[in-house]
């Protein structure tokens, strides 16, 4: 995804923490990575609390990944959660096993070959994202070595597009290790083709999008959203909207966010509002905190998205899979873009498929919200049926059990092979 037109067109504020626009800053980032991650990993001791040899690996690259795969760990005594040696997993940093990356430095002799190959195929983007190329070198070789050493029974992923996750997937294919995938969030048509032996997808939407991305490898099963099981049984039954959640990500413009918050809190003084930024967003929004003391804040690093949504009746957000999670809990979800950046318009297709109501202006947003303040339908959650295969079926609220049955049966088959 790093060399797609969509990625290159991301707003500068979004790209900056990923890959700085200034070449000097990119070089400094590369040097910092080399010192802290490459050289630093060689001298940083670690000891895994669990046995990795012969286990079912649950590979995570984020806090959300951990939440999405934890139910497998709780079910299977042979499953272990693990990540790369220095990968940040939020509040679960100390609870995952680690794969050593100490030898990653040994493979940087390949960097000139990789870079000039990408320069020929990708042109100027190879220069623009040189730091990301630098970071990715060596993952594949290190992970191939780890697979040969530990010989895991299988590797289960919740991410299919990060550089380290892709490297491990390719290493598994090369070393003959079975792979499975549990979808952890909504997908888009910009994702890589589905390349796992078994893919447990949430619904028809995900399968249709992956078919658009390219050939679908292996078996696919539609199992709903396992991470939502404990919450869909507690759907919001309020007949009118009184508590509104505002969720943003790094794509959303600061001025646009402030304008929307100002409008909503002024127009709806009787409603309560809570603001939640994406966990990777470093902005503090001090102006909002000072100007609107009645505005509550949720820390995405400490409070899960479902815990956050449970306290509300409606959600206002732009491009985030939180829309789907909100609708499943019977919150009214309203799509509004905080700013006019030219990428990711209706990125997940939620507005196009009727999952959410869309407002193009603040006045339209106000009109939609007033409608739901007057009355919120009790069956609003049924809009999510295209995205969640178990909705309205006997397996609703039992996606974890369904996913585990599929996974157990698949693992039993791989053991016989």
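The values are calculated or read from the model by the stated rules, or taken from the named source; none is laboratory data. Every value quoted in this text rests on a predicted model; they were computed, and no experiment measured them. In this analysis, Cβ positions are derived from the backbone assuming ideal geometry, glycine residues included, and neighbour counts consider all displayed protein chains.
Report whether or not residue 199 is part of a loop (DSSP other than H, G, I, E, B), under 23 Å from the mean Cα position of the chain (by Cα), closer than 22 Å to residue 70 by Cβ and not assigned by TED's automatic domain parsing to the domain that holds residue 72.
So residue 199 does not fit the description; no.
Let me spell it out: the conditions are (1) loosely packed, with under 14 Cβ neighbours inside 10 Å; (2) without any contact (Cβ under 8 Å) to a residue 60 or more places away in the chain; (3) in contact with a helix residue (DSSP H, G or I) (Cβ under 9 Å, 6 or more places away or on another chain), and residue 36 meets all of them except one. Which number is the exception?
For residue 36, the failing item is (3).
Condition check: more than 23 Å from residue 73 (Cα to Cα), touching a strand residue (DSSP E or B) at 6+ places or on another chain (Cβ under 7 Å) and part of a helix (DSSP H, G or I). Does residue 368 satisfy that?
Answer is yes for this residue.
I'd like the full set of residues that are under 30 Å from residue 399 (Cβ atoms), in a loop (DSSP other than H, G, I, E, B) and out of contact with any strand residue (DSSP E or B) (no Cβ under 7 Å at 6 or more places or on another chain), limited to the stretch 66-116.
77, 87, 88
Being surrounded by fewer than 14 Cβ atoms within 10 Å (Cβ to Cβ) and either out of contact with any strand residue (DSSP E or B) (no Cβ under 6 Å at 6 or more places or on another chain) or within 18 Å of residue 185 (Cα to Cα) (or both) is true for just one of 378, 351, 403. Which residue is that?
Values: 351 fails: surrounded by fewer than 14 Cβ atoms within 10 Å (Cβ to Cβ); 403 fails: surrounded by fewer than 14 Cβ atoms within 10 Å (Cβ to Cβ).
Answer to the check: 378.
Has the stretch 263-285 got any residue that is within 22 Å of residue 182 (Cβ to Cβ) and surrounded by 21 or more Cβ atoms within 10 Å (Cβ to Cβ)?
Checked the stretch 263-285: no residue is within 22 Å of residue 182 (Cβ to Cβ) and surrounded by 21 or more Cβ atoms within 10 Å (Cβ to Cβ).
State whether one or more residues within the stretch 1-16 are surrounded by fewer than 15 Cβ atoms within 10 Å (Cβ to Cβ), without any contact (Cβ under 8 Å) to a residue 60 or more places away in the chain, over 20 Å from the mean Cα position of the chain (by Cα) and assigned to a loop (DSSP other than H, G, I, E, B).
No, because not a single residue in the stretch 1-16 is surrounded by fewer than 15 Cβ atoms within 10 Å (Cβ to Cβ), without any contact (Cβ under 8 Å) to a residue 60 or more places away in the chain, over 20 Å from the mean Cα position of the chain (by Cα) and assigned to a loop (DSSP other than H, G, I, E, B).
Identify, by number, the condition in (1) part of a helix (DSSP H, G or I); (2) touching a strand residue (DSSP E or B) at 6+ places or on another chain (Cβ under 6 Å) that residue 156 doesn't meet.
(1)
Please determine, by comparing only the residues of the stretch 384-417 that are part of a loop (DSSP other than H, G, I, E, B) and over 23 Å from the mean Cα position of the chain (by Cα), which one is farthest from residue 223 (Cα to Cα).
417
Mind counting the residues in the stretch 307-320 that are touching a helix residue (DSSP H, G or I) at 6+ places or on another chain (Cβ under 9 Å) and surrounded by fewer than 20 Cβ atoms within 10 Å (Cβ to Cβ)?
Within the stretch 307-320, residues that are touching a helix residue (DSSP H, G or I) at 6+ places or on another chain (Cβ under 9 Å) and surrounded by fewer than 20 Cβ atoms within 10 Å (Cβ to Cβ) number 2.
Scanning the stretch 219-246 for residues that are assigned to a loop (DSSP other than H, G, I, E, B) and touching a strand residue (DSSP E or B) at 6+ places or on another chain (Cβ under 6 Å), which turns out nearest to residue 394 (Cα to Cα)?
223
Among the residues of the stretch 154-166, is there at least one that is crowded, with 21+ Cβ neighbours inside 10 Å, in the same structural domain as residue 57 (by TED's automatic domain parsing) and over 18 Å from the mean Cα position of the chain (by Cα)?
Yes, the conditions are met somewhere in the stretch 154-166.
Just the residues that are out of contact with any helix residue (DSSP H, G or I) (no Cβ under 7 Å at 6 or more places or on another chain), crowded, with 20+ Cβ neighbours inside 10 Å and within 18 Å of residue 55 (Cα to Cα), please, taken from the stretch 128-149.
Result: 146, single match.
With respect to residue 169, determine if the residue is free of Cβ contacts under 8 Å to residues at least 60 places away in the same chain, part of a helix (DSSP H, G or I) and crowded, with 22+ Cβ neighbours inside 10 Å.
When the stated conditions are applied, residue 169 passes them.
Within the stretch 247-283, how many residues turn out to be part of a loop (DSSP other than H, G, I, E, B) and under 25 Å from residue 306 (Cβ atoms)?
Residues meeting the conditions: 12.
Kindly list the number of the only condition in (1) more than 22 Å from the chain's Cα centre (by Cα); (2) at pLDDT below 95 that fails for residue 266.
Answer for residue 266: the failing condition is (2).
So residue 325 fits all but one of (1) surrounded by fewer than 23 Cβ atoms within 10 Å (Cβ to Cβ); (2) in a helix (DSSP H, G or I); (3) in contact (Cβ under 8 Å) with a residue 24 or more places away in the chain; what number is the exception?
Here residue 325 clears every test but (1).
Go through the stretch 117-153 and report how many residues are more than 28 Å from the chain's Cα centre (by Cα) and assigned to a loop (DSSP other than H, G, I, E, B).
Here the count works out to 1.
When only residues in the stretch 90-113 that are modelled with pLDDT under 90 and closer than 30 Å to residue 405 by Cβ count, which is surrounded by the fewest Cβ atoms within 10 Å (Cβ to Cβ)?
Among those that are modelled with pLDDT under 90 and closer than 30 Å to residue 405 by Cβ, it is 91.
Does the stretch 172-186 contain any residue that is within 30 Å of residue 32 (Cα to Cα) and crowded, with 21+ Cβ neighbours inside 10 Å?
Within the stretch 172-186, one or more residues are within 30 Å of residue 32 (Cα to Cα) and crowded, with 21+ Cβ neighbours inside 10 Å.
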